[in-house]
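See structure below.
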Amino acid sequence: MTRRTFHHEPEAVRQNDLIAATLDSIAELGLAGATVREVAARAGVTPGLIRRYFDNKERLVAAAYRTFISDLIAAAEAGCGEGSAHTRLAGLIRASVTAPVADGRTLSIWAAFIGMVHSDPVMAEVHREGYQAFRDLIERLVGDIIAERGTPASPVTIRQHAIVLNALLDGLWIEISMGGDDFSRFDVVRIALNSTAALLGIDPAEFKES
């Protein structure tokens, strides 16, 4: 267990440190093991300081989930880079099926959180917001690709493509994150790109990163 050294820092930085310690605890010990006392020890603060910012463990966990989802989306979006819509979507796909987005630690944290979504309204709302944000990102890229190709499609069709593509990436992400060495023999990025090309009617040979 890594313990952080406490310093007098701005409140936003201190909250981020507490959330990072929470995610580390959940990754190693699960939600049950990520107690306020455990998080405090890792962050190098007192349990009372955590309650000052988050009132209770439930609020701390919800804040950690929101940060976790936001960071995953940011990592995927950063993979888009610049260029054509085809290139940007290909970059997002690579980021979505490779580390650090697709790895065992990330999956372990997500699995711990997802078990609370159907029983905790706050967690359900955080999950809904995150899902919507990522699907909106995919939807914009799919719409841009369709516009580049000059093949008009209705907003409903574009949204349907985005929903299916999101589900495809989710499935690959889980399989790759759980697969370990089983996936080392495959070009998972190419598998994801070819599957996306088939969904969108793109020539796989032309669907690649810059």
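The values are calculated or read from the model by the stated rules, or taken from the named source; none is laboratory data. Just so you know, these numbers come straight off a predicted model, no measurement behind them. No Cβ is skipped: glycine too gets one built from the backbone with ideal geometry, and neighbour counts run over all protein chains shown.
Might you let me know whether region 29-36 holds any residue that is assigned by TED's automatic domain parsing to the domain that holds residue 131, surrounded by 14 or more Cβ atoms within 10 Å (Cβ to Cβ) and closer than 19 Å to residue 13 by Cα? Outline the logic, then answer.
Let us first name the residues in region 29-36 that are assigned by TED's automatic domain parsing to the domain that holds residue 131, namely none.
No, that holds for no residue.
Quick one: is residue 175 in the same structural domain as residue 89 (by TED's automatic domain parsing), of a type outside the set (Gly, Ala, Ser), at pLDDT 95 or above and under 16 Å from residue 96 (Cα atoms)? So that I can check it myself, show each step before the final result.
Numbers: in the same structural domain as residue 89 (by TED's automatic domain parsing): yes; of a type outside the set (Gly, Ala, Ser): yes; at pLDDT 95 or above: no; under 16 Å from residue 96 (Cα atoms): yes.
No; evaluated as a whole, the condition is false for this residue.
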Residue that is surrounded by the fewest Cβ atoms within 10 Å (Cβ to Cβ) [pool: residues in region 46-58 that are assigned to a helix (DSSP H, G or I) and without any contact (Cβ under 8 Å) to a residue 40 or more places away in the chain]: 48
Residues of region 73-98 classified as out of contact with any Lys or Arg (no Cβ under 9 Å at 6 or more places or on another chain) and assigned to a loop (DSSP other than H, G, I, E, B), total: 4
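Here is a check on your reading of the model: is residue 83 surrounded by fewer than 17 Cβ atoms within 10 Å (Cβ to Cβ), closer than 30 Å to residue 149 by Cβ and assigned by TED's automatic domain parsing to the domain that holds residue 131? Give the derivation first.
Numbers: surrounded by fewer than 17 Cβ atoms within 10 Å (Cβ to Cβ): yes; closer than 30 Å to residue 149 by Cβ: yes; assigned by TED's automatic domain parsing to the domain that holds residue 131: yes.
Taking the combined requirement at face value, the residue satisfies it.
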